[in-house]
Amino acid sequence: MIKLIGAMLILFAGTMIGFQQAAKFAARPRQLRQISHALQRLETEIGYGNTPLPEALTRTAQVVPAPVAELFRQAAGEISRTNELSFREAWENAMHAGFGATALREGEQAVLLRLGSSLGISDREDQMKHLRLALLQLKAEEDNAKEEQGRYETMWRSLGVLIAVLVVILMV
């Protein structure tokens, strides 16, 4: 009886681990779309609304879901909290602090960090050009993420179950 309960727990744990890994592959393209939407919103706020950057970041954070919203909310908070940091430093601090909560990778982080180094220091048209460039780069990353999702999501689900079954067989 105890072996049966142990086997069921191992099967459940292995299956959940596999599903959790698969969920990471599914979350990455979704979060990339959310960041793209947020950058488009930021472009609109800067280009057409003439909104100051901290306020534009706050408004952008209000329309995208977490954890992506936290990146923009933290950047706005860093800028508003102290006048000692440049926008670039505040943006980098926010990206480094909030990036661990996302399913994104270093490539996406590099795109966002490059964007932060150009925002806030140039005129409106130049900022819009940098935002469009970041959108193009994130689109390429999103295409790559969708390909990886299709390749690895099902594999991880199956692998979690199969490894759990193997452990149960070895246990019996």
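Each value in this text was obtained by applying a stated rule to the coordinates, not by laboratory testing. Every value quoted in this text rests on a predicted model; they were computed, and no experiment measured them. Using ideal geometry, Cβ is built from the backbone for each residue, glycine included, and neighbour counts are taken over all protein chains shown.
Assigning unit charges at the beta carbon (Lys, Arg +1; Asp, Glu -1) and nothing else, what dipole magnitude in debye, to the nearest 20, does the stretch 2-171 show about its Cα centre?
Values: 19 positive and 19 negative charges, 134 e Å.
Roughly 640 debye for the stretch 2-171.
For A26 and L113, the difference between the fully extended length at 0.36 nm per residue and the C-alpha to C-alpha distance is 29.0 nm.
Let me know the number of lysine pairs in the chain closer than 29 Å at the Cα, not counting same-chain pairs under 8 apart. Kindly include the intermediate steps, with their values, before the conclusion.
Details: K24/K139; K24/K146; K129/K139; K129/K146.
Final tally of qualifying lysine pairs is 4.
Of all complete DSSP H helices in the chain, those with a Cα span along the helix axis of 24 Å or greater and a mean Kyte-Doolittle hydropathy of -0.5 or more are 2-47, 124-171.
Relative contact order, whole percent, for the chain stands at 38, derived from Cα pairs under 8 Å and 6 or more residues apart.
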